[in-house]
Amino acid sequence: MLERIREGIQGPWAIAIVALIVVSFVFTGVGGYLSSSATTAVAVVNDKEIDASSLDLAYQNERARMEAQFGDAIASLFANESYLADFRQGVLDRLVNEELIAQKADELGLRVGDAQIRETIVQLPEFQIAGQFNNDVYNSALQRAGYTPSEFAEYMRVQMTRQQLVQALNGSTFDVEALVSQTLKIRQQTRDVAVLEVSAETYLDSVVLSEEDILAYYNDNLSQYDTEEQVKLAYVSLSVNDLLAQVEVNDEEVRALYEEQIALYETPEKRSVSHILIETQDDADAAREQAQGILLELQNGADFAALAEEKSNDIVSAENGGELGEVNPGDYPEEFEQAVFALSEEGQLSDVVETEFGFHIIKLDEFTASTTTPFEELADTLKQDMLTNRATDLFFEKQNEMQRLAFEVPDTLDELASAVGRPVFETTLFSAARYPSAVNFPQVENVAFSPELIDERVNSELLQVADDKVMVVRVIEHEPERTLSLDEVRASIESNLRADKAQTAALEWAQSLQAKMYAGEDIQSMLDEKSLQWETQNQMSRTSNALASELIDAAFSLSTDENNNSSVITMNNGNVGVIKLEKVNPVEQLSAEEVESAQQQFAGQEAQRTYQNFVEALRANADIQLIN
């Protein structure tokens, strides 16, 4: 078992899992994972606390990921307090599961070596440009988080050790080829069938309804006639885009802005460097002396890349001859950057530079001079930016006016609309489950059915439904929930009852036909009486659309046994179907590609089930306390 677990982290599956961990690091830093000054626990898992800062960090990471993936559609949901609470609880449950997995991995004595860590880091797409590992991206991310390469390597060691256990579970679930092949053959099997569709419409004229039938149906289905509460809203909306036509910018103003901000359009000098890092460890004097010795070797003609690979404590850049790539202001500690920007000739070496991370020798690899983007290339963009900025300023002015008038004139939107130059729109009547798209925002949902707006018929407060859009709404019509009277639904009840009784009559006829078939009697006269004939479907698959889905499902539930080779079913269209199995067409041969694909699919599904069952077992045997 342990052997399999230790081998598990080698595969691409594991690297992909770890990549998800590193995404969080890239966006927010690893500080929250490695240490925290917070002492407030939100959960205790087998005496191990999960602190509030860890939950906050995981929550922000997951929220940012979902907003990046789904945009405004998901962002608006986070304005709903109920959804937000459920989302946060889901994140906490995931942290509890991850802690249980980590504890089990530690119990099993799992460990990840330096070579595995190095290989995983350089393969992570978050640290790559055009598919290649980039030291500039890697070190910028580390510097923003405030951690040394060795600290990040230790963080990765913890995460990858946890994933060893997950990968072992995935690797231990598989389907033997024979079972997969058998299942695949069943799925791909086709059948020859004969079908009758008995129309219920032919029985409608013979249906007789009584008042008792109608009343009984009404009472039995009373809940179907409960209406939902509905409102009709009037609203005034205002966005930055609505105001763009009301603002102007001339060419002189655009030119002036360019001159004022010309520094923004200058491409600064670019420097790409390599370095050799000697970490201080426990003896700063010894580290400084080692760095001075390396500098002397370099000044005497030693190869920088070779020495970096041999002696640098930056395990990732060392593999690339110490290359860090381009250095930008703010990427590195002040002492390091001062030394970098003092270098002006390619190949030039710095003196030994001391930072909080240790002692560095820096070499300038590449130097590019500064350039300035011409006004002509930026004029259109600058003008649009100025128009948007002025429209935004006007937007904030007008929304303040909207907020004031919504409160001061609460019984109408007309004065508010006139003040901001926008029309008053109206929705149709709608329920809480079906908001019209124009007002389908969580902020509107929170007030549209509130007693204040319905009973007092006042304006809502100013609702910010997006960063650049606000609304004020009011209820102008309200229909409370009620049960429709019998007279209101009589016509639909009669229609439903006639259809039901007609289908029942068709069903009884079809069942009598099937009884004669099983008895070996001639059924042709019955078919002639209804002007019916068998329709054949050959080589019909489970995914065929040649017949109604309920007929296909019935066909694949039949056997070739003459006492179980037909079925009578009520159809969704109100008719009755009779289906008879004529022949089963087995699959004789499967391709290797089909079997392999199915094995991967089945194994993935089984792996997910196994992991879920494993986590549920860990939770069942754990002492978990959730702290409100």
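The values are calculated or read from the model by the stated rules, or taken from the named source; none is laboratory data. Computed from a predicted structure; not experimentally measured. All Cβ positions, glycine included, derive from the backbone under ideal geometry; neighbour counts span all protein chains shown. When the accessible area is computed, the model is the full protein with side chains, heavy atoms only, and any ligands, DNA or RNA have been set aside. Shrake-Rupley method; radii C 1.70, N 1.55, O 1.52, S 1.80 Å.
Here is the figure for segment 300-319: residues that are open to solvent by 60 Å² or more (accessible area, probe 1.4 Å) and in contact with a Gly (Cβ under 8 Å, 6 or more places away or on another chain) total 1. Of the residues making up segment 97-121, those that are open to solvent by 40 Å² or more (accessible area, probe 1.4 Å) and under 19 Å from Glu309 (Cβ atoms) are Asp114, Ala115, Arg118, Glu119. Of Glu337, Glu326, Glu345, all but one fail to be farther than 12 Å from Asn135 by Cβ, charged (D, E, K, R) and not in a loop (DSSP other than H, G, I, E, B); the exception is Glu337. Among residues of segment 188-202 that are under 16 Å from Thr543 (Cβ atoms), those with a beta-carbon under 7 Å from a residue that is of a type in the set (A, V, I, L, M) and open to solvent by 40 Å² or more (accessible area, probe 1.4 Å) at least six positions away or on a different chain give the pairs Gln189/Val584; Arg191/Val584.
When His478 is tested against (1) part of a loop (DSSP other than H, G, I, E, B); (2) in contact (Cβ under 8 Å) with a residue 12 or more places away in the chain; (3) surrounded by fewer than 17 Cβ atoms within 10 Å (Cβ to Cβ), exactly one condition is not met: (1).
Taking the criterion of being open to solvent by less than 40 Å² (accessible area, probe 1.4 Å) and assigned to a strand (DSSP E or B), the residues of segment 574-588 that qualify are Val576, Gly577, Val578, Ile579, Leu581, Asn585.
Take the residues of segment 339-358 that are hydrophobic (A, V, I, L, M, F, W, C) and within 43 Å of the chain's Cα centre (by Cα): which is surrounded by the fewest Cβ atoms within 10 Å (Cβ to Cβ)? I'd like the intermediate steps shown before the answer.
Filtering segment 339-358 for residues hydrophobic (A, V, I, L, M, F, W, C) gives 339-343, 349, 352-353, 357.
If we keep only those that are within 43 Å of the chain's Cα centre (by Cα) too, we end up with 340-341, 357.
Details: Val340: 23, Phe341: 14, Phe357: 22.
By that ranking, first place goes to Phe341.
If you go through segment 414-443 one residue at a time, how many are among the hydroxyl-bearing types (Ser, Thr, Tyr) and not in a loop (DSSP other than H, G, I, E, B)?
Within segment 414-443, the subset among the hydroxyl-bearing types (Ser, Thr, Tyr) is 418, 427-428, 431, 435, 437.
Filter again for not in a loop (DSSP other than H, G, I, E, B), leaving 418, 431, 437.
So the count comes out to 3.
Please determine, by comparing only the residues of segment 402-413 that are outside any loop (DSSP other than H, G, I, E, B) and among the aliphatic types (A, V, I, L, M), which one is surrounded by the most Cβ atoms within 10 Å (Cβ to Cβ). Selected residue: Met402. Considering each residue of segment 134-144 in turn, none proves to be open to solvent by less than 20 Å² (accessible area, probe 1.4 Å), outside any helix (DSSP H, G or I) and in contact (Cβ under 8 Å) with a residue 24 or more places away in the chain.
Being open to solvent by 90 Å² or more (accessible area, probe 1.4 Å), under 30 Å from Val240 (Cβ atoms) and not aromatic (Phe, Trp, Tyr): is that true of Glu562 here? Spelling it out, it is not the case that Glu562 is open to solvent by 90 Å² or more (accessible area, probe 1.4 Å), under 30 Å from Val240 (Cβ atoms) and not aromatic (Phe, Trp, Tyr). Restricting attention to segment 320-338, the residues being under 15 Å from Gln143 (Cβ atoms) and open to solvent by less than 40 Å² (accessible area, probe 1.4 Å) number 8.
Select, from Ser485, Ser460, Ser495, Ser525, the only residue that is without any contact (Cβ under 8 Å) to a residue 60 or more places away in the chain, open to solvent by less than 40 Å² (accessible area, probe 1.4 Å) and polar (S, T, N, Q).
Details: Ser485 fails: open to solvent by less than 40 Å² (accessible area, probe 1.4 Å); Ser495 fails: open to solvent by less than 40 Å² (accessible area, probe 1.4 Å); Ser525 fails: open to solvent by less than 40 Å² (accessible area, probe 1.4 Å).
That would be Ser460, the only listed residue that is without any contact (Cβ under 8 Å) to a residue 60 or more places away in the chain, open to solvent by less than 40 Å² (accessible area, probe 1.4 Å) and polar (S, T, N, Q).
Among the conditions (1) open to solvent by 80 Å² or more (accessible area, probe 1.4 Å); (2) farther than 17 Å from Ser239 by Cβ, Glu445 misses just one, which is (1). Just the residues that are under 39 Å from the mean Cα position of the chain (by Cα) and surrounded by 13 or more Cβ atoms within 10 Å (Cβ to Cβ), please, taken from segment 414-425. Listed by number, the residues that qualify are Ala417, Val420, Arg422, Val424, Phe425. Can you tell me which residues in segment 55-84 are closer than 13 Å to Pro442 by Cβ and open to solvent by 30 Å² or more (accessible area, probe 1.4 Å)? Within segment 55-84, Asp72, Ala73, Ala75, Ser76, Leu77, Ala79, Asn80, Glu81, Ser82, Tyr83, Leu84 meet the criteria. Filtering Glu126, Glu119, Glu154 for residues that are among the acidic types (Asp, Glu), modelled with pLDDT of 80 or more and part of a helix (DSSP H, G or I) leaves a single hit, Glu119.
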